[in-house]
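Below: one structure, written as structure tokens.
The values are calculated or read from the model by the stated rules, or taken from the named source; none is laboratory data. Note that the structure is a prediction, hence the values are computed from the model and not measured. Note that each Cβ is placed from the backbone with ideal geometry, even for glycine, and that neighbours are counted across all protein chains shown.
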Amino acid sequence: MIRRDVRALLAIVIGVFFSAPLFAQERSLNLDEIWNGQFSAAGPQSIRSMSDGEHFTVLERSDTSKAMEINKYDYGSGQKLGVIFSSNNYPQLQGVFDYELSPDEQKILIKTQRKAQYRHSYFAQHYLYNLSDNSLVQVEGPDLQEVTFSPDGRLLGFVRANNLYYWIISEQKGVQVTTDGIQNHIINGLSDWVYEEEFGFVQAYQWSREGDYLAYLRFDESDVPEFSMDVYGQGLYPEQSVFKYPKAGEKNAEVSLHVYALKEKVTTDVDLSQWPYEYIPRIKWTKNPDQLAVQLLNRAQNELVMLQVDLRENQIQVLLRETDAAYVDIHDDLTFLNDNSFIWPSEQDGWRHLYHYNAQGALIRQLTQGNYYVTAYYGFNPKIGRLYFQSSKRGSIYRDIYSMNISGTNMVRFSQDKGTNSADFSADFSHYIQSHSSSTSPYVYSLHSGLDGTQLRVLEDNSALSALIKDYDLNPKTFDSLFINGHWLNTYPIKPRVIDTTKKYPVLMYQYSGPGSQQVSDRWNSSNDYWHQYLVNQGLIVVCVDGRGTGLKGRDFKKMTQGKLGLYEVQDQIAAAQKIAQWSYVDPEKIGIWGWSYGGFMSANCLFQGQGVFSTAISVAPVTSWRFYDSIYTERYMGLPQDNAVGYDAYAPLDHVSNMSGALLLVHGTADDNVHVQNSMRLIDALVRANKPFDWLIYPDKNHGIYGGYTRDHLYRKMTDFIQNNLINN
């Protein structure tokens, strides 16, 4: 989700494809070109709006000195105004990868030597640079996590070895807030593995608005079962990575809320026992410097309570309750306005819309309504009383940028061209950078007025990429829908531009299918589309279908898979394949399916349960039984395995091996901390015991993404050979 404050626009390295013109082409794609970067789209680097809303900063590498620089630019003209920092004179700064300006923009926190922990978390060495005297100071050691400025810029908060600290900048001295942090037992101020993966945050502490308090979460994971992975490395003996991983139905960490008062150096344990909960998925300070908003969620994740903790009055009151027959989505869009009223998105009317509540939690009004989703919330401009958001109002496969009054009136669509539009607003909402792409147009970045959406200038149009792609014999992606099992399902096929009516084409179906996901959308797509284009040129048709359970078509459509993951999604892919098999130019004996992660779960399932429909499947990093996956994700959609044994066992690939017929390629990385290689190993064992022939490929020390070095190239060549041998040439 794109946030208005910072970091929305990253340098984009993605694969693309193009609807080919009608004249003959000179070049055809080859596999080397897909991975050598020549089709990478250009785009703005990660930008940070400055507080005046008129300027922004960018971390860039100097063309001349090759040093890392933080450069200042003017929004209006795009002109570079100067270098505010360069690593050229500081040899100790190795591996600069990020930075943060202090609230008064007189100091820069520089992050170096990143060492990954899990998907989002990392350790790093931090330095503090003073713009007034060009001094550079090292902040503690190389093992700090989630370092942030206090609102007044006098302090830095951070976590070290599972304990929360703050650093007094003027004294260059650290103060330890907690002392009981122990690896795999107690974590203070950071989320545990499953919160990071499924609730999407790492920093579990928050400065109050005036910097008087540090609110933080404490995770006691002492009783959470451990998972271990062998890391093979290059040594004589492998090492073990051991971490806490609660699987479905197992013990979660006990999470508690605490507030540290800096002046008094006293910690208050916030008593939340009146509201039984399993999770604390979000905490956020309101506009009142003494009031903290705390979201509590039960284990079933279908009851959310938002509390207001008033530290001055020592009172707690309920601001909001939300329930759902399936589950309540967690998000980062809660926004407190100056009067402490707040904006809250919800699916309570069947679609995701914005609601405005007063400071006491009473509903003022529903701001947006209709059969569409608000897909991103950018923020509120108090100067003109307007809020900004992205929605699918023009259709579920499209995204547009909108503005409206806080009264819920005068909604204006800022983006004009159909496709996928997103925005990154300046700090005062006076400007925004728009990104637009579609299936036939690469990314165009342009600067716009935040007042009325007027385009001021184009920053990057990727015209060179468009010209390059015209040289290739690529095939059009067209959007359509199939009526399957009582629903119109969004779909796109990629077919040869000219269908040879004398032959029958094999088909490869591609999907992800996970709850709330979307693959069929009008955007400039990933490198998978290049690979699909290559395969189409080899003589097959690629089709993607978003079945029941996917997103952007209403709450009921998305949540109908509750308690039965793998039932309706598999039924829809099988029925879609049967309908596609009736196309006059399709070979009904040669229909394959592939996917990654949830898509891998689906592709194996479809092969096993769709006997006589699918002849081939590729399953990459699949869940093979939901009993093996983490508690938060799995229970959100399936409930506890103790309460839903049928749901867990009736629709998983591991339970349908005996029905398998056809060719299967199974792929996994041994260092996958998300979907453990245990899933594939158990499936391999079941396939062998059932005497089923299959191919498998294991990548040592590769995680869920299976990348690094030549890994992706190797993987896609293997998948290409498998498809050619089992689907195209067989």
Quick check on Val224: is it over 25 Å from the mean Cα position of the chain (by Cα), modelled with pLDDT of 95 or more, closer than 29 Å to Asp643 by Cα and not hydroxyl-bearing (Ser, Thr, Tyr)?
yes
Residue satisfying condition, being without any contact (Cβ under 8 Å) to a residue 12 or more places away in the chain and under 26 Å from Arg61 (Cα atoms), within set Ser102, Ser121, Ser135:
Ser135
Going through region 54-83 in order, the residues found to be touching a residue at least 24 places away in the same chain (Cβ under 8 Å) and either surrounded by fewer than 17 Cβ atoms within 10 Å (Cβ to Cβ) or under 30 Å from Asn528 (Cβ atoms) (or both) are Glu54, Leu59, Ser62, Gly76, Gly78, Leu81
Within region 34-65, can you find the residues that are more than 12 Å from Tyr75 (Cα to Cα) and either in contact with a helix residue (DSSP H, G or I) (Cβ under 8 Å, 6 or more places away or on another chain) or hydroxyl-bearing (Ser, Thr, Tyr) (or both)?
Ile34, Trp35, Gln38, Phe39, Ser40, Ala41, Ala42, Ser46, Ser51, Ser62, Thr64, Ser65
Picking from Ala604, Ala617, Ala621, which residue would you name as being over 17 Å from Gly514 (Cα atoms), crowded, with 24+ Cβ neighbours inside 10 Å, in contact with a helix residue (DSSP H, G or I) (Cβ under 9 Å, 6 or more places away or on another chain) and at pLDDT 95 or above?
Ala617
For region 135-185, give me each residue that is more than 27 Å from the chain's Cα centre (by Cα), over 19 Å from Gln106 (Cα atoms), buried (at least 16 other Cβ atoms within 10 Å of the Cβ) and among the hydrophobic types (A, V, I, L, M, F, W, C).
Val177
Checklist (1) within 30 Å of Ile541 (Cα to Cα); (2) crowded, with 22+ Cβ neighbours inside 10 Å; (3) not aromatic (Phe, Trp, Tyr) applied to Ile401, failing item:
(1)
Taking the condition of being surrounded by fewer than 21 Cβ atoms within 10 Å (Cβ to Cβ), in a strand (DSSP E or B) and without any contact (Cβ under 8 Å) to a residue 60 or more places away in the chain, how many residues in region 208-230 meet it?
3
Members of region 638-676 found to be within 23 Å of Gly705 (Cα to Cα) and either free of Cβ contacts under 8 Å to residues at least 40 places away in the same chain or assigned to a helix (DSSP H, G or I) (or both), listed by number
Pro653, Leu654
Condition first: in contact with a Leu (Cβ under 8 Å, 6 or more places away or on another chain) and crowded, with 23+ Cβ neighbours inside 10 Å. Can you find one or more residues in region 439-453 that meet it?
yes
Filter region 400-412 for residues that are under 19 Å from Pro345 (Cβ atoms) and free of Cβ contacts under 8 Å to residues at least 40 places away in the same chain; the one that is nearest to the chain's Cα centre (by Cα) is Asp400
Please determine, by comparing only the residues of region 459-481 that are more than 30 Å from Lys80 (Cα to Cα) and polar (S, T, N, Q), which one is surrounded by the fewest Cβ atoms within 10 Å (Cβ to Cβ).
Thr478
If you take the residues in region 84-94 that are surrounded by 13 or more Cβ atoms within 10 Å (Cβ to Cβ) and of a type outside the set (Val, Ile, Thr), which one is nearest to Thr112 (Cα to Cα)?
Leu93
If you take the residues in region 66-81 that are among the hydrophobic types (A, V, I, L, M, F, W, C) and out of contact with any helix residue (DSSP H, G or I) (no Cβ under 6 Å at 6 or more places or on another chain), which one is farthest from Asp104 (Cα to Cα)?
Leu81
Could you please find all residues in region 702-728 being buried (at least 18 other Cβ atoms within 10 Å of the Cβ) and of a type outside the set (A, V, I, L, M, F, W, C)?
Lys702, Asn703, His704, Tyr716, Asn726
Would region 386-398 turn up any residue that is within 19 Å of Gln518 (Cβ to Cβ), in contact (Cβ under 8 Å) with a residue 40 or more places away in the chain, crowded, with 20+ Cβ neighbours inside 10 Å and among the aliphatic types (A, V, I, L, M)?
yes
Out of region 349-365, which residues are out of contact with any His (no Cβ under 9 Å at 6 or more places or on another chain), surrounded by fewer than 17 Cβ atoms within 10 Å (Cβ to Cβ) and farther than 17 Å from Ala293 by Cβ?
Asp349, Gly350
Val498 meets each of (1) at pLDDT 95 or above; (2) part of a loop (DSSP other than H, G, I, E, B) with one exception, condition (1)
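For every residue, the table says whether it meets (1) touching a Phe, Trp or Tyr at 6+ places or on another chain (Cβ under 8 Å); (2) farther than 24 Å from Lys702 by Cα; (3) in a loop (DSSP other than H, G, I, E, B).
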site	(1), (2), (3)
Gln206	yes, yes, no
Tyr237	no, no, yes
Gln240	no, no, no
His258	yes, yes, no
Leu272	no, yes, yes
Lys284	yes, yes, no
Leu292	yes, yes, no
Members of region 478-529 that are more than 22 Å from the chain's Cα centre (by Cα) and among the hydroxyl-bearing types (Ser, Thr, Tyr):
Thr478, Ser481, Thr491, Tyr492, Thr501, Thr502, Tyr505
So Ile484 fits all but one of (1) surrounded by fewer than 19 Cβ atoms within 10 Å (Cβ to Cβ); (2) touching a residue at least 60 places away in the same chain (Cβ under 8 Å); (3) of a type in the set (A, V, I, L, M, F, W, C); what number is the exception?
(1)
Could you go through region 672-680 and let me know if any residue there is touching a Leu at 6+ places or on another chain (Cβ under 6 Å) and surrounded by 19 or more Cβ atoms within 10 Å (Cβ to Cβ).
yes
Residue satisfying all of: in region 539-578; of a type in the set (A, V, I, L, M), touching a residue at least 40 places away in the same chain (Cβ under 8 Å) and in a loop (DSSP other than H, G, I, E, B); farthest from Tyr327 (Cα to Cα) among these
Leu540
Where residues in region 186-204 are part of a strand (DSSP E or B) and not polar (S, T, N, Q), which of them is farthest from the chain's Cα centre (by Cα)?
Ile186
Given the options Leu29, Leu109, name the one that is within 20 Å of Ala464 (Cα to Cα) and either loosely packed, with under 15 Cβ neighbours inside 10 Å or modelled with pLDDT of 90 or more (or both).
Leu29
Just to verify a result, which residue in region 418-441, among those that are among the aliphatic types (A, V, I, L, M) and part of a strand (DSSP E or B), is farthest from Phe56 (Cα to Cα)?
Ala423
Here is a check on your reading of the model: is Lys718 in contact (Cβ under 8 Å) with a residue 12 or more places away in the chain, in contact with a strand residue (DSSP E or B) (Cβ under 7 Å, 6 or more places away or on another chain) and either within 18 Å of Gln234 (Cα to Cα) or part of a loop (DSSP other than H, G, I, E, B) (or both)?
no
